[in-house]
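Working notes for the structure below.
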Amino acid sequence: MAYPFDRAGRLWRTRADRAGEQNAFGVNERFAPGRWSPFAPCPDYDRTRRLRDDLIAGYRDRAFEDVFCGREVACPGGRCYLLESRSVMDLDDRDPDRAAAAVLGDLTLVRGIGEVTERKLKGRGYRTVADLVRHPLYRREAARLLDSVAEGDVCNLVEWIGRRRRSDPLLLEVSRFHAPGDFIFLDIETLGLFSRPIILIGLARVQGGSIIVHQYLLRSVDEEEAALTAVLPALEAEGAALVTFNGRAFDLPYIRERLAYYGIPADLGMPHFDVLHFARRRWRGSFATCRLGTLETEVLGVERADDVLGRMVPEFYDTYQRTGNPGPLVPVVEHNRQDLVSLARLFAILRGDADGGA
Amino acid sequence: MPTAVRDFLDLLATDPRFRESVVHIETTPRREARYGDLSRPLPEELRAYCDGREIRLYTHQCAAIEHLRTGENIIITTPTASGKTLAFLLPVFERLGADPGATALFLYPTKALANDQVKVVRELERESRIRVDAAIYDGDTPAGKRPVIRERSRVILSNPHELHQVLAWHMKWSRFFRNLRFVVIDEAHRYRGVAGSHMAMLLRRLARIAGHYGAHPQFVLSSATLANPGEFAARLTGEEAIAIGEDGSPGGEKAFVLYNPSAGGGGRSAHWVTKDLLLASVESGCRTLCFTVSRKLAELIALRSGPVPGISAYRAGYLPKDRRAIEDGLKDGSLRGVVTTNALELGIDVGSLDGVIISGYPGTMISVRQQAGRSGRRSGESFAVLVAFANPLDQYFMRHPQAFFSRPCEHAVVDTGNPYILSGHLLCAAAELPVDPERDDRWFGPDLAGMLAAFEQVHLLRKASIGWIYAGQERAADMVSLDAISSDTFRVMHGARLLETMDRGQAYREAHPGAILLHRGETYVVTGMDLEQHTIRVEETDTDTYTQPLSTTDVAVVREIRRRDIGGMQVSFGDIKVTEKVVGYTVRHYGRAVSYHRLDLPPLRLETKGLWFTLPDRTAEVVAAEGRDLAGGLHGAEHALIAVMPYHVVCDRHDIGGLSTPLHPATGAPTIFVYDGYEGGIGLAEKAFALLPAIVGTAHELVRDCGCTVGCPACIYSPKCGNQNQPLDRGAAVSILGDLAGRLSVTGPHSSNP
């Protein structure tokens, strides 16, 4: 009985296409604020469409492996394709003393101490949290905080400080407990806002004066499970710390769900620094938006040519899926790579690193 | 001792206004309660709850408890006031009390019903002290509350639409699903036909996900009376269920009156007559619920009852707080009479009433039973009155009371093989968890491999090592809609005040510019309609007139997809467009048309799939030679075909529509159309096209062998006819169908594509 199901298949394809066109802008904002704003000026949309058509024409008959010079890697979930690239970048070395001093200098971290009390206490000679160990009221809390600092327990400290405010600059100081190589800069591209496959997982690390970018690009969506298992070891490694842009609301929950979809157990309890929150705190009101693209232009002075709009990525990947033409994927990969590099540089700037992310 | 009910019935028998029209009274004697015993008593907290309210369990409640205790699924079809809810609440709470992690999901067809029932559940929770944190989880639940409910509640009340969306997030529901012991489906009879197919697939997706977390919940279906409860439950849930239909609850004497305003030769319109009956009932002291077949009539009757206080209309389009106020008023007695559409057929608690007036046959015996079942007390009398319209269908029942009272409730059919519905839900399932053809064919049937392959062709699914995964750009649950209700809603505004909402069809027919609109007893005139903004503006007015729309319905052939030429007949299947155009309206004063006005509204369009065939010239000639009416015969044949289609195509007769005409522009000949009532088509006419010889044969037998003379609801009268079942000619219909059946049986059932 292939016949009725053929027809059924085509019916759903048509519905999917029709809905896709309407939804190029009709995005349900309540699910991922910030990254996918529901309104974009039409000229951008048309421009991106033309870009896609140019790419299809330009890359006709080109094979995937020709266009993307990477290698196949084997991982627990199967095989997937890895693209590597690097550029110059430096981050401050780890500085646990500076981190400790910053944390311990802030008495308001202890429950019950507000700004007024802090002033009073400091006036009476309680300069740091270590001093509070002598104080009958606050000694217990202070001792706990001291322990966390002594152990360099970043997770605990991030949670402690984050309770107060997700965007507290002190969190950036805490990140100095980590060496540059501990940071995993993460950015994913997906086929939609949720309930659809991830099509590109981008990971970057700073080491020895370079930022090394690893991009796991799915040749087809059945490689998703493999790609997830490929990056999991890095994410769950001892001492790893995650840095993202809006990853709290989008990237991390998304990865969690896809892991659950495949039945892959994971903890993902590493400390997480979401640059969006810090950026908003620093630059809100200074620029039109705090989107990564805007900050990239305004703060880093970077202009992108022929960039694909974030919300058009699903359509570009779907076009590749249906035609086999790798052209539409080219700007997606570049977009993701540039996102990761800018993310790392903004992180360095917000933290106040010496090189300022140059 | 005289009672209000007795007073009213005596009035009907003696008052010259009424007595000529009382055709028949069927009295059901009072019924003693039949109590049951449990093999093992209920736990103490629940026993205390029952004792505290002087509740002794009836036989059917005990049966429900026993079967659920042994791990079976059940479908309860006892009437509304028989304590059905308690029959399943007690065993569910018993289990949840014994197992501190156990959870239960309660599904209702509407949010309104869920809102009503959560009070009952919470009350049992409070008084039995069995903590379940009962909560509603639906589209109205604020985002902030959702995580807590998911994490903590053990009884969650929701509806199919919400479940359809939520399944993709099952990771967030893992605790709830892991411990899921019961799935309760209330008003289950609503899920028949296409709606049933969707619900059946949704329940299979749910069971699949529950199984993923290691749970195997029991199904509890609470339903109106059906001819085939066991079969229906099995089709809907995919599992065997025990049918519990013997009602052990007591009942007072009940008088069911068949009332025919046309009997005395009177020509008064139905709504006047209904209003008189309603007022008589209320003034006798009876708390009365009056059901009507249309929203308009509900308002009209309530309006005309104006002088008597305590009467209100009720419609689904009212704002929720207004509806709640009316429900409460009926319950506490501050409202003595309510006129409603079938919106109040649902089990929303309005207390028990003295009498029910049913204005116009509602279309199915299921509805008659549900509506009549709203009146009835444990002891003491109650009544139901069916007021017949001039429609031949209603008149048939008046002439044959025994046929009415012995007519069984309809079969509820659920098709689990419709490829369009099945495939849509397969996509959703793949987005929820990878599909494993070996494990999942129990949910999707033997054709699973074929569907997966077809979807891979169009890049919506992709085969991965773990199974087939969803690869579409669109969210699967957004593409698959559970019903055909459009989100094309219009707002009726009086100044800045929102009166009510309605869909586009209703707006064009009842709230067009110039229409007189009744709302909660007030009369308004529509002064403007903004199609862009979906807003209708009204002003108050003081008038005795009302308006009636005039519309024309047309079917146009868009594209023929398949054709068969058989025995001189040409049968086609393809894309058609059904257009209803509201062309104007009449202003009427006490039933007489006073003026006519034209309207310029865009047409209402339904693009769907249908089949059509023409009558060969020979056949038409024979009909003419016999001196019969061709149009009446075509019309009758169309009704008969639609009446038998559900048995061949497995749908509900409300899922399909038809049109017949002695001359159609596309064919130039007498033509009958039968089409799917859903945008884009849903596979019904397509299947009928393949089975047409059998369908025509059955239709012919139905009409030929019917014992009636001029036609009856068993053969050619349709409850859905837009033309008041006119014109109809039974003899011509027999002739036509006989001829067609003969021609179609000449060749076999294989089609040829054009």
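Brief remarks follow.
- For the range B:658-705: relative contact order, % (alpha-carbon pairs under 8 angstrom, 6 or more apart): 21 percent
- P(r) histogram, all alpha-carbon pairs of the range B:391-548 included - 5 Å bins from 0, percent: 2, 7, 12, 11, 7, 6, 8, 10, 12, 10, 8, 5, 2, 0, 0
- Gap separating the Cα centres of the range B:131-155 and the range A:258-289, nearest whole Å: 27 Å
- Positive-end residue of B:Thr3, A:Gly293, B:Gly610, charge dipole of the protein assembly as shown with Cβ unit charges: B:Thr3
- Estimated D of the range B:191-252 in µm² per second, where Rh is the Kirkwood radius over Cα pairs and Stokes-Einstein applies at 25 °C, 0.890 mPa s: 187 µm²/s
- Cα Rg, Dmax, chain B, angstrom units: 27.0, 81
- Across the range B:27-141, counting alpha-carbon atoms alone, Rg and Dmax equal 14.9, 49 Å.
- A simple rule links phi to the HN-Hα coupling: the Karplus curve 6.51 cos²θ - 1.76 cosθ + 1.60 with θ = phi - 60°, which for the range B:311-326 gives 10, 9, 8, 8, 9, 5, x, 5, 5, x, 5, 5, 4, 4, 4, 5 Hz, with x for Gly and Pro.
- Look at where the Cα atoms of the range B:48-71 and of the range B:33-47 average out, and the two centres are 5 Å apart.
- For the range A:161-303, the Cβ-based charge dipole about the Cα centre amounts to some 760 debye (Lys, Arg positive; Asp, Glu negative; other atoms uncharged).
- When the alpha carbon gyration tensor of the range A:227-287 is reduced to an equivalent ellipsoid, the three semi-axes, largest first, read 27, 13, 8 Å.
- Rg/Rh ratio calculated on Cα atoms of the range A:94-221 (Kirkwood radius): 1.15
- Cα-Cα pairs of the range B:377-440 separated by more than 19 Å (percent): 65 percent
- Measuring between alpha carbons in the structure, the pairs from B:Lys119/B:Lys254; B:Lys609/B:Lys687; B:Lys119/B:Lys331; B:Lys577/B:Lys609; B:Lys275/B:Lys296; B:Lys296/B:Lys321 lying more than 18 angstrom apart are B:Lys119/B:Lys254; B:Lys296/B:Lys321.
- Calculated P(r) tail over 14 Å for the range A:46-121, as whole % of Cα pairs: 80 percent
- Test item: Cα-centred dipole of the range B:329-435, Lys/Arg +1 and Asp/Glu -1 on Cβ, debye: 380 debye
- Debye log10 I(q)/I(0) at q = 0.14, 0.23 Å⁻¹ for the range B:524-603, Cα point scatterers: -0.68, -1.16
- Whole-Å semi-axes of the range B:397-474's equivalent ellipsoid (Cα gyration tensor): 43, 12, 10
- Pairwise centroid distance, computed over Cα atoms, of the range A:166-208 with the range B:270-303, Å: 68 Å
- This model, with +1 at the C-beta of Lys and Arg and -1 at the C-beta of Asp and Glu, gives the protein assembly as shown a dipole about its Cα centre of some 1860 debye.
- Per-residue Cβ neighbour counts within 10 Å put B:Trp272, A:Trp12 in the sequence B:Trp272, A:Trp12, beginning with the fewest.
- Ordering B:Tyr314, B:Tyr420 by the number of other Cβ atoms within 10 Å of each residue's own Cβ, fewest first, gives B:Tyr420, B:Tyr314.
- The relative contact order of chain B, computed from alpha carbon pairs under 8 Å that lie at least 6 residues apart in sequence, is 11 percent.
- Order of B:Glu532, B:Glu32 under a 10 Å beta carbon neighbour criterion, fewest first: B:Glu532, B:Glu32
- The range B:107-215 - Kirkwood radius from inverse mean 1/r over Cα pairs (Å): 14.5 Å
- Each Cα pair under 8 Å and six or more residues apart adds its sequence gap; the mean of these over the residue count of chain A is a relative contact order of 22 percent.
- Farthest toward the positive end of the dipole of chain B, out of B:Ala263, B:Val571, B:Gly36, is the Cα of B:Gly36, where the dipole comes from beta carbon charges about the Cα centre.
- Amide H contacts under 5 Å for B:Ser312, placed H, 5+ residues apart: B:Gly337, B:Val338, B:Val339
- Scaled against the 2.2 N^0.38 Å expected of a compact globular protein of N residues, the Cα radius of gyration of the range B:157-271 reads 1.53.
- Cross-link partners for B:Lys172 among the lysines, with Cα-Cα distance under 24 Å and sequence neighbours closer than 8 places in the same chain left out: B:Lys111, B:Lys145.
- Binning the C-alpha pair distances of the range A:276-323 at 10 Å intervals from 0 yields a P(r) profile of 23, 37, 26, 12, 2 %, listed from the shortest bin outward.
- D (Stokes-Einstein, µm²/s), Kirkwood Cα radius, the range B:514-553, 1.567 mPa s at 4 °C: 115 µm²/s
- Phi-based couplings in Hz for the range A:128-136 (Karplus 6.51, -1.76, 1.60; Gly and Pro marked x): 10, 4, 4, 5, 5, 4, 7, 7, x
- Quotient of Cα Rg and 2.2 N^0.38 Å for the range A:263-358, N being how many residues it contains: 1.31
- For the range A:319-358, the fraction of C-alpha pairs farther apart than 11 angstrom is 66 percent.
- Isotropic mean projected area of the C-alpha convex hull, the range B:584-728 (nm²): 11.2 nm²
- Radius of gyration and maximum dimension Dmax of the range B:290-410, Cα, Å: 14.6, 43
- Rh by Kirkwood over Cα pairs, then Stokes-Einstein D for the range A:40-174 at 0.692 mPa s and 37 °C, µm²/s: 164 µm²/s
- If the convex hull is drawn through the Cα atoms of chain A, its volume per residue in Å³: 168 Å³
- When Rg and the Kirkwood radius Rh are both evaluated on Cα atoms of the protein assembly as shown, their ratio Rg/Rh stands at 1.02.
We did not get these values from a lab; they are worked out from the coordinates using the rules stated. These numbers come from a predicted model, not from an experiment. Cβ: placed from backbone, ideal geometry, glycine included. Neighbour counts: every protein chain shown.
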